[in-house]
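Okay, so here's the structure we're looking at.
What follows draws every value from the coordinates through simple rules; no lab data is involved. Quantities reported herein were computed from a predicted structural model and do not represent experimental measurements. Cβ: placed from backbone, ideal geometry, glycine included. Neighbour counts: every protein chain shown.
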Amino acid sequence: MDEFRDSQKKRIQEALDMGELIIGTDLHQKVGLIRAIDTRWGSHYKSFSNFIFMFGSIIDVLDSLVVDAYSTDETTKATGYLKACQTFNIAFMLHLMRDILGITDELNKSLQKKEQDIANAMLLVEVAKRRLQILRDDGCDALIDKISTFLTNVTFFLPNFDEPYVNSGRSRRKPADYTVLHYYHVEVFCKIIDWQL
């Protein structure tokens, strides 16, 4: 935890020095990973947002655990977590779910107000559905650009989007009939938004 706090403090200071964060009241309060609650969708949104915010520090600590673990079991676990976190797939899912849950979080907060009538609630649902549809129609390229920027800040490599997609469970000699870009755009991005809609 001390290592994590030190890494997070260093990263926040660097972001402040480069002008990426602003200082103000109630900004950059202590952030942690909260336990997601099944009945509170807002907790899921906050968990994704916090994980993205703390991602660099999480990678630093996992990297340190790989080197300094007390047992081979701890080293193996830390290595597995580190490899899992250092994939484009994880970054893509984190950002996609944060964006989707950001839209539904606003709806969720509005629907929990005590003074809500059914006509206004239906209007709020319609607005959320429209925003999700706009995200589905026009948001994939912007999401990939945002993830590209995010990954360059944490020294990751982007996949070659024009290569044939290879499912981790299939043989490399039998790639799919579509590209990596198609997989992320159609098979992941559109399907998840369609489920939400």
Requested in this report: Can you check what the net charge comes to around Leu181, using other residues whose Cβ is under 11 Å from the Cβ of Leu181 (Lys, Arg +1; Asp, Glu -1)?
Outcome: -4
**Report entry** Virtual spin-label span in nm between Arg130 and Lys146, 7 Å along Cα→Cβ
**Finding:** 2.0 nm
Query raised in the report: Ranked highest first by average number of other Cβ atoms within 10 Å, how do 89-97, 134-142, 111-119 line up?
Result: 89-97, 134-142, 111-119
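Can you tell me how region 73-162 classifies by the Cα gyration tensor, rounded, prolate or oblate, using a/c under 1.5 as the rounded cut?
It is oblate, given that a/c is not under 1.5 and a/b is not larger than b/c.
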